[in-house]
Amino acid sequence: MENFQKTFILSNSYKIPGIGFGTMELSDIESIIEDALKAGYRHIDTAAIYKNEVEIGNVLRNTDIPRNELFITSKLWNTERGYKRAINAFESTLKNLQTDYLDLYLIHWPASKSQFSNWDEINRETWRALIDLYKIGKIRAIGVSNFLPHHLKSLLSSEIAPMVNQIEYHPGTTQDETVRFCRENNILIEAWSPLGTGKVLKDKRLEEISVKYNKSVAQITLRWCIQNNVLPLPKSSSLKRMAENLDVFDFVITKEDMNEIDLMKHFDNSGLHPDSVTI
Ligand code: A2P
């Protein structure tokens, strides 16, 4: 049986564990992160705006797992765009996480057209800061989040192109144009809310498919992401479900079932659009 890689390789050859643990809006975060490490996660995804970097840093400082076996991502919040602010925000994130480097740092949202006439220039200036931090070795890989092709275009002509784009991605929200563009430009797609914040889990058709593989709907959905070369970042507050969500490497979804899930259109999404969000 084909066994898909548990690791993706970024365009700069840096390895990234194939499933990450999402941490937005989780309460009791220290014990959740301890459980996530216990369940086997080595890839933790946070962001300055989640306001949990200090708690995650406390767990990382106390774990026996060596730092080089962990993959830590954080994101620059929207109020910190521009070269100097981005450098300072990154330093605060590093201090909060109590580490001396990040594996991956992302611009959380593009400066949007609806807010700024010079949105492209703002994005390029912010990106320049990430490039400089990357070049001095404080970040192992750099990327963006929620960027559409028109936001990415000018960054691609800079000295270093984004290696990752983290977007909303789950059945019903597959952002095909962005995914295609990123693939063509060797940018790995990461999926936030890969389970549609839980909305996809009660779907009858996904349930039928999951029974065939003797897996849960969550496992089918995560496996579907991975087979589409998309790295999922599921969240869970339960140790049992955290472990279940990692157990997706011993089966393969057929082409027919992949196609069917690709075409499912009936799930809600967050409704957040990168060109109009004002957060
Ligand atoms: P819980 O924390 O009770 O496990 P997403 O990652 O798309 O944002 O989805 C997160 C939601 O999915 C949470 O409500 C989480 O609930 C639920 N969830 C995560 N993993 C599973 C699973 N394996 N089975 C059922 N629900 C899950």
Being modelled with pLDDT under 95 and either among the polar types (S, T, N, Q) or within 22 Å of residue 22 (Cβ to Cβ) (or both): is that true of residue 157 here?
yes
Looking at segment 244-257, which of the residues that are in a helix (DSSP H, G or I) and surrounded by 16 or more Cβ atoms within 10 Å (Cβ to Cβ) is farthest from the ligand (Cβ to nearest atom)?
257
When residue 20 is run through (1) surrounded by fewer than 19 Cβ atoms within 10 Å (Cβ to Cβ); (2) in contact (Cβ under 8 Å) with a residue 60 or more places away in the chain; (3) among the small types (Gly, Ala, Ser), the failure sits at (1)
Give me a count of the residues in segment 224-243 that are in contact with a Phe, Trp or Tyr (Cβ under 8 Å, 6 or more places away or on another chain), more than 10 Å from the ligand (Cβ to nearest atom) and hydrophobic (A, V, I, L, M, F, W, C).
4
When residues of segment 102-117 are filtered for being exposed (fewer than 15 other Cβ atoms within 10 Å of the Cβ) and modelled with pLDDT of 95 or more, how many remain?
0
Residues that are within 16 Å of the ligand (Cβ to nearest atom), at least 1 per element: which helices (runs of 4 or more DSSP H) completely within segment 111-216 meet that?
204-213
Against the definition (more than 16 Å from the ligand (Cβ to nearest atom), assigned to a strand (DSSP E or B), out of contact with any His (no Cβ under 8 Å at 6 or more places or on another chain) and of a type outside the set (Gly, Ala, Ser)), how does residue 105 come out, yes or no?
yes
Which one of these is within 16 Å of the ligand (Cβ to nearest atom) and among the small types (Gly, Ala, Ser): 270, 276?
270
Counting just the residues of segment 1-59 that are assigned to a loop (DSSP other than H, G, I, E, B) and charged (D, E, K, R), which one comes out farthest from residue 245 (Cα to Cα)?
51
List the pairs whose first member sits in segment 215-226 and is without any contact (Cβ under 8 Å) to a residue 24 or more places away in the chain, whose second member is of a type outside the set (Gly, Ala, Ser) and more than 10 Å from the ligand (Cβ to nearest atom), and whose Cβ atoms are under 6 Å apart, counting only residues at least 6 apart or on separate chains?
217/206; 217/207
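The values are calculated or read from the model by the stated rules, or taken from the named source; none is laboratory data. Quantities reported herein were computed from a predicted structural model and do not represent experimental measurements. Reconstructed Cβ throughout: ideal geometry from the backbone, glycine too, with neighbour counts over all protein chains shown.
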